[in-house]
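We did not get these values from a lab; they are worked out from the coordinates using the rules stated. Here the structure is a predicted model, which is why all the values come from computation and not from measurement. Cβ: placed from backbone, ideal geometry, glycine included. Neighbour counts: every protein chain shown.
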Amino acid sequence: MELKVIVAGTAAAAAANAVPQLIADKVASRIAAKDFTLWGKDAEAESSIRLGWVESAKDSAALVDEILALKKEFNDKGVNRFVLCGMGGSSLAPEVITRTAGVELVVLDSTNADQVGAALAGDLAKTAIIVSSKSGSTVETDSQKRIFEKAFTDAGIDKADRVVVVTDPGSPMEVAAKADGYRVFNADPTVGGRYSALTAFGIVPSGLAGADIAALLQDAQDAAEFLSSDSEDNPALVLGAALARTPGEMGNRDKIGIVADGTPIVGFGDWAEQLIAESTGKHGKGILPVVLDPKSQELHSGLADLLAVHVQADAKPVSGDSVSVSGSLGAQFLLWEYATVIASRLIGINPFDQPDVESAKIAARGMLEQRDAVVPALFAAEGIEVRGTELAIAGTSVSDAIKALVAQLDTDEGYVSIHAYLDRTSVAEAEELRDLFANKTRRPVTFGWAPRFLHSTGQYHKGGPRQGVYLQLVSEAKHDIQVPGRDFTFGELIASQAAGDAKVLGALGRPVLTLTLADVKAGIAAIKNAI
C-alpha cells in the first residue's frame with residue numbers, strides 16, 4: 001500500500017499553515033539526524049537519549065535470523081503457543097502485528113486474575129512465554145513471569161527452555177534472566193516503550209508467533225527516506241500539522257478520532273492511541289485520541305473539537321474536517337511516530353517523558369501496601385458496589401450515580417473515559433458501553449482495558465487538559481491467584497491499581513465513578529440498562 005496522507009477542512013488549513021515553517025526549520029531531516037534540540041531546552045536531557053526509534057527498522061533487521069531460528073527450534077520441539085507478558089508499548093505493537101498477519105499470539109497485558117488464569121489454562125506442553133520489559137521492574141510483568149515460571153516447574157517443564165526475555169542491555173531483568181539461563185534479546189535502550197514497535201519489543205513476539213517481520217521492517221525502511229525529507233510531500237509533516245491543529249485561531253480542537261475505515265490493519269487505533277496520548281498529554285496540553293469506527297456517534301455529531309483520521313486501504317478524501325491515511329503497517333508505524341513528535345513540537349511539549357504515568361504507578365504501589373484499608377462502598381445495588389469522588393456520586397442507584405457522573409461533563413470540551421479492569425478475553429461486551437455513552441452524551445468517549453492504560457494513555461488523562469469524567473469497572477475475581485514469592489494476589493494487585501488511578505485522578509479534581517461488579521456479565525447488563 002502506498003504511504004499517503006490526505007487532509008481536508010481545518011486539517012488542510014492547519015497543514016497549509018504549519019508545513020512551510022516545518023520545512024524551513026528542516027524538522028523532518030533533523031529528526032532523522034537525531035537532533036535532540038527540536039523540543040526545547042527543557043526536553044533536551046530526555047530527548048537526547050530517546051531518538052533511537054528513527055533507525056529501529058534498520059537496526060532490528062540484524063535480529064530477524066536469530067528470531068526465526070528460535071521459532072524453528074521451538075516448533076521442532078512441538079512448542080507453537082506463545083504468550084506475551086508485557087504492558088503498554090511492549091504489548092500493543094505485537095498485538096497489531098500478529099492480528100494483522102492472522103497469526104496467534106496470546107497477549108497477557110493484564111493483572112486481572114481471571115485473564116491470567118485463562119492464559120495459564122492453555123496447553124503448557126506447547127507454550128513458551130516472551131517477557132517484555134525495559135527494566136523488569138514493572139510489577140505486572142514481573143508477576144506474570146513468576147506465575148508462568150511456577151506453572152512450568154509444577155508441570156515438570158524446564159523453565160529455561162520456555163522463557164524468552166526482551167529487555168534493555170544491562171537492565172536488572174537481563175542480569176536475572178542470564179542467571180536463570182533464559183534466552184535474552186536486547187532492545188535499543190534509546191527507544192521509549194511507545195516508540196518500540198520496530199525494535200525487539202515488537203518483532204521478537206511477532207516473529208515467534210509467525211508474522212513476516214522481515215517484510216514489516218523492510219516496509220519501514222523503505223518509508224524512512226520519504227519521512228525524513230524536508231518537503232511539502234512528506235506525509236509525516238502533513239499528519240503532524242493536522243494532529244497539532246490546536247490551539248490557535250480555529251479554537252480548541254484537541255481531539256482526534258482514529259477510524260478503522262476499510263484498512264486491512266487490525267487494531268491499529270489502539271497502538272496509535274497510546275503513542276499519541278502518552279507522548280502529548282502533559283502540562284495541561286495534549287491530543288486526546290479516541291478509537292472509532294465509521295458508525296461511531298462522534299463522527300456524526302458535528303463535534304467542533306474532534307478531527308476524524310481515517311485509516312484506509314487506499315487514502316481517499318473524506319468530507320468535512322478529516323484526514324485520510326494509508327500505507328503498510330511497517331510504514332505507518334514510522335509515519336505516526338514522526339507525526340507525533342512533530343505535533344509535539346508544534347504544541348510545545350516534550351514527547352518523550354511520562355511524568356504522570358510514574359505518579360500513578362507510585363499511587364498503585366501505595367494502595368497495594370495499604371490494601372487492608374479498602375474504601376467502603378457508598379452503597380450497593382444490583383450486585384454492584386458504588387464508590388467515587390464527591391463530584392461523581394448522587395442518589396442510591398447505579399442509574400443515579402451514572403447521571404451524576406455525566407452531569408459533570410463539559411458539553412463543549414469534555415469527554416468520558418471508561419477504564420475496564422476486567423478480563424477482556426471473556427467480557428468483550430463491556431466495549432459496547434463506549435457507544436452507549438457516546439450516543440447518550442454526544443461527546444467523545446474513550447474505552448481502555450486496564451491496567452494496561454496506566455502504562456500508556458493514562459498519561460493523557462492525568463497530565464493533559466482536565467476535561468474528562470471517568471468510569472472505572474472493577475470485578476471480583478472468580479478464582480484469585482497468589483503471585484509466587486510475593487505477599488499479594490493478582491486480585492489485590494489490580495484492585496490496588498484501580499484505587500491508585502482513582503486517587504490520582506480525584507486529586508486532580510476529576511470526577512471518578514468506580515463500579516465493582518460481583519458478576520461481570522450481569523453488572524455490564526445493569527450498567528447498560530442504567531445508561
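For Cα pairs less than 8 Å apart in space and 6+ apart in sequence, what is the mean separation divided by the residue count of the stretch 55-216, i.e. the relative contact order in percent?
Across the stretch 55-216, relative contact order equals 32 percent.
What list do you get for Thr37, Thr446 if you sort them by fewest beta carbons within 10 Å?
In increasing order of surrounding Cβ atoms, one gets Thr37, Thr446.
Just report the Cα centroid separation between the stretch 392-469 and the stretch 113-177, whole Å.
Between the Cα centre of the stretch 392-469 and that of the stretch 113-177, the gap is 32 Å.
Taking the Cα centre of the stretch 205-340 as origin, work out the dipole magnitude from +1 charges on Lys and Arg Cβ and -1 charges on Asp and Glu Cβ, in debye rounded to 20.
Using Cβ point charges on Lys, Arg, Asp and Glu, the stretch 205-340 gives about 420 debye.
Please report the projected area of the stretch 255-296's Cα convex hull averaged over all directions, in nm².
Reported value for the Cα convex hull: 2.9 nm².
Enumerate the helices in the chain for which the Kyte-Doolittle hydropathy averages 1.0 or more and the C-alpha atoms extend at least 24 Å along the helix's axis, using complete DSSP H runs.
In the chain, the long hydrophobic H runs are 329-347.
Say the dipole of the chain comes from +1 at the beta carbon of Lys and Arg and -1 at that of Asp and Glu; which of Val96, Leu493, Gly181 then lies farthest toward its positive end?
Leu493
Kirkwood hydrodynamic radius, the stretch 55-216, all distinct C-alpha pairs: what's the number in Å?
15.4 Å
Considering only DSSP beta bridges with both partners in the chain, what is the antiparallel share in %, to the nearest 5?
Given both bridge residues lie in the chain, the antiparallel proportion sits at roughly 25 percent.
With no solvent and one point per C-alpha, what does the Debye sum give as log10 I(q)/I(0) for the stretch 194-284 at q = 0.15, 0.18, 0.21, 0.25 Å⁻¹?
With one equal scatterer per Cα and no solvent, log10 I(q)/I(0) is -0.81, -1.11, -1.35, -1.43.
Could you put Asp519, Asp356 in order, starting from the residue whose Cβ has the fewest other Cβ atoms within 10 Å?
Lowest count first: Asp519, Asp356.
Pairs Lys58/Lys178; Lys72/Lys126; Lys58/Lys282; Lys295/Lys316: which are spaced more than 21 Å apart, C-alpha to C-alpha?
Lys58/Lys178; Lys58/Lys282
Extension gain Glu44-Ala118, at 0.36 nm per residue separation less the Cα-Cα distance, in nm?
22.3 nm
What is the Cα coordinate range of the stretch 415-507 on the first, second and third principal axes, sorted by size from largest, in whole angstrom?
Extents along the principal axes: 46, 29, 18 Å.
For the chain, take the alpha-carbon Rg, divide it by the Kirkwood Rh, and send me Rg/Rh.
That ratio equals 0.95.
For the chain, give the magnitude of the charge dipole about the Cα centre (Cβ charges: +1 Lys/Arg, -1 Asp/Glu; no others), in debye to the nearest 20.
It comes to approximately 520 debye.
In the structure displayed, which of Lys26/Lys255; Lys26/Lys462; Lys4/Lys521; Lys503/Lys528 lie more than 31 Å apart, Cα to Cα?
Lys26/Lys462; Lys4/Lys521
Work out how much length Leu68 to Ala176 would gain on full extension: take 0.36 nm times their residue separation and subtract the Cα-Cα distance, in nm to one decimal.
36.4 nm
Give me the percent of DSSP beta bridges within the stretch 355-530 that run antiparallel, rounded to the nearest 5.
For the stretch 355-530, the DSSP antiparallel bridge percentage is about 35.
Sticking with the crude label model, points 7 Å out along Cα→Cβ, report the distance from Ala215 to Ala377 in nm, one decimal please.
Between Ala215 and Ala377, the simple spin-label model gives 5.1 nm.
For the stretch 55-216, what is the charge dipole size about the Cα centre, in debye to the nearest 20, if Lys and Arg each add +1 at the Cβ and Asp and Glu each add -1 at the Cβ?
120 debye
Test of understanding: what is the full-extension gain from His300 to Ala522, defined as 0.36 nm times their sequence separation minus their Cα-Cα distance?
76.8 nm
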